Amino acid sequence: MEVGTGKVHRVAGPVVQATGLKSHMYDLVLVGEEGLMSEVIGIAGDKHVIQVYEDTDGVKPGEPVKETGAPLVAQLGPGILTSIYDGIQRPLPKLVEASGNFISRGLFVDGIDHKKKWEFEPVAKKGDKLEPGQTIGTVQEQLLIKHKIMMPPDKRGTVKEIKSGNFTVEETICVLEDGTELPMIQYWPVRRARPSRSKEAPSIPLRTGQRVIDGFFSLAKGGTAAIPGGFGTGKTVMQQTLSKWSDVDIVVYVGCGERGNEMADLLHEFPELVDPRTDRPLMERSIVYANTSNMPVAAREASIYTGITTAEYYRDMGYDVMMTADSTSRWAEAMRELSSRLEEMPGEEGYPAYLGARLADFYERSGRVTTLEGTEGSVSIVGAVSPPGGDFTEPVTQNTLRITKVFWALDSKLTQRRHFPSINWLDSYSLYDLTLEPWFVENVSPDWNKNKRRAMEILQENAELEEIVMLVGSDALPEDQQLTLEVARMIINFWLAQSAFHPVDTFCPYKKQFDLLKAILHFRDLAFEALARGVPTDVILGTPSKDALAKVRLLEDYEPELEKVRAQMESEFKTMS
């Protein structure tokens, strides 16, 4: 396409109208004398509607708009890991070097270092026929992450020449017989999903080490989850905990329009998190996109799409990737602002009518796939939602729930009680339960699902009884219901509550989760047997072994102590009368 230049016709905040352009939808253009990075989002007659990813103060009609002839692309190659980017994949440390603490407009910085040399080890050899997505060679990007240099998804051919040694990402490492030269870097349009061979069923759980999630509301690898919650309910700590403990290879964190002080805290804390697998910084297998609420609103959309494109790239290497977006509500607010600037017909609460379609387009890029090369990789998406006033009936939360299959509802009342994670066990759900049940039966215990359902039934009965207790007090209840309240309290306080800062309790393996819950349910069975024999409730509730169970969860080598508690429990109930 011939690259030309148009002129600014009208400026309305982050939205600019231009004339004299030949660009296509979603092409990248440079607006104004400073060349502000922008994207075409509408074409009406001879006018192009453009969203600008930078501040438009001072831009006036008549200034040039330069075409680039290409869409917004992500730079993909060695050097992405450990990076901290803004919304349009400009490394923040490089921006600081170029302009100081206050970022100048119109700066362009490459997403990855084009001068750094990487040691390339070829896998393919001369004469090999390479298909799209096939590995050409590898680069050791980080200690545990071997970066595969792959054929671009739209290219195939026979190797004429392949090199080994140290190269920059732009230097040619492989030449095909048709003359195509392949460097290590790839450029991919962020709005286009990277292709795969096929999508697989979500039949493997994503282990998080959080009992309330793994035990009750499991997320599948390649699945989607929403974490809605009001201010202070623990969304950020939850996402950091998931990033640290989930059994994924790569973590992509997108801070989409979050408060500047929260993002500053995250940028200080995230690099200090220790990867439990290697005892090295978690940042070595993480990528952060930091887009604060005072940055131009259009860049929020770019950060979401750039983040998911990066996640898909590592998925194509056969890695399991988790992308967390904090929060999609801020992205939706940006869409609402742009929609009003475009004078579009508003939908519910002023959000555009296409809000649900945009959210679906993003979440649909998750999945466990067979890659073009034939390996298996996954992208799991966890999206935080920040409903105003904690109102889950607002449009962003409701549209997200229609798309995602796991709902972790953060509850401000649990937060006030200092119960963390503050996931409400009665409002939350997982639609992956049935597909994941066979895995838990085969890999953990045949009784996993039965115990989970028994515990949930106890908690549901507890919720009904609590309403009566508020009216008449617990002493007025029958003895069997008083026991139910106590067992529910044990499940809530001993099992569901978990400290993200305790060195042992922060992560709970599947077997430990099962053993602890099994012990609580065993106490419940023994208690009801004793009650049937005529043992008074206050005697049953005064058993020392009941409180000893609470301490077991804080022990790393818990099994010997749990056996002692179980034996003590059996002994105490046998001697009751």
For Ile43, residues with placed amide H under 5 Å, excluding near neighbours: Val49
Integer Hz, Karplus 6.51/-1.76/1.60 couplings in order for segment 254-269, x for Gly and Pro: 10, x, 9, x, 6, 4, x, 5, 5, 5, 5, 4, 5, 5, 7, 7
Relative counts (whole %) of C-alpha pair distances in segment 218-287, using bins that are 10 Å wide: 16, 52, 30, 2
Relative intensity, log₁₀ I(q)/I(0), of segment 264-422 from a Debye sum that treats every alpha carbon as a point, q = 0.08, 0.09, 0.14, 0.19 Å⁻¹: -0.28, -0.36, -0.87, -1.36
Where only C-alpha atoms are counted, convex hull volume of segment 200-338 per residue in Å³: 122
Shape parameters for segment 164-219, alpha-carbon atoms, Rg then Dmax in Å: 20.3, 56
Average accessible area per residue (Å²) across the chain - probe 1.4 Å, nucleic acids and ligands excluded: 42
Rg/Rh (Cα only; Kirkwood hydrodynamic radius) as it applies to segment 266-354: 1.09
Net dipole in debye of the chain [+1 Lys, Arg Cβ; -1 Asp, Glu Cβ; about Cα centre; nearest 20]: 860
Residue-by-residue Karplus 3J(HN,Hα) for segment 66-77, coefficients 6.51, -1.76, 1.60, Hz, glycine and proline x: 9, 7, 10, x, 8, x, 5, 10, 9, 8, 10, x
Length released on extending from Gln460 to Glu556, taking residue separation times 0.36 nm less the Cα-Cα span: 31.5 nm
Lys/Arg +1, Asp/Glu -1 at C-beta; segment 383-513 dipole; positive extreme among Leu434, Gln460, Gly383: Gly383
Charge dipole (debye, nearest 20) of segment 193-286; +1 at Cβ of Lys and Arg, -1 at Cβ of Asp and Glu: 440
Radius 15 Å from Cβ of Arg259, net charge of other residues (Lys, Arg +1; Asp, Glu -1): -3
Taking only Cα atoms of the chain, radius of gyration then Dmax in Å: 27.4, 93
Glu119 versus Gln568: modelled label distance in nm, points set 7 Å from Cα along the beta carbon direction: 5.5
Cα-based convex hull volume of segment 6-124 per residue, rounded to whole Å³: 125
Relative packing of peptides 541-552, 317-328 - highest average C-beta neighbours within 10 Å first: 317-328, 541-552
Carbon plus sulfur fraction of accessible area for the chain, probe 1.4 Å, in percent: 51
Positive-end extreme of charge dipole, the chain - chosen from Thr168, Thr158, Pro122 (charges on Cβ): Thr158
Selection from Gln513, Leu28, Pro478, by position along the positive dipole direction of the chain (Cβ): Leu28
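The values are calculated or read from the model by the stated rules, or taken from the named source; none is laboratory data. In this text, all values refer to a predicted model and were calculated from it rather than measured experimentally. In this analysis, Cβ positions are derived from the backbone assuming ideal geometry, glycine residues included, and neighbour counts consider all displayed protein chains. Heads up: the accessible areas ignore ligands, DNA and RNA and are worked out on the full protein's heavy atoms, side chains in. Shrake-Rupley method; radii C 1.70, N 1.55, O 1.52, S 1.80 Å.
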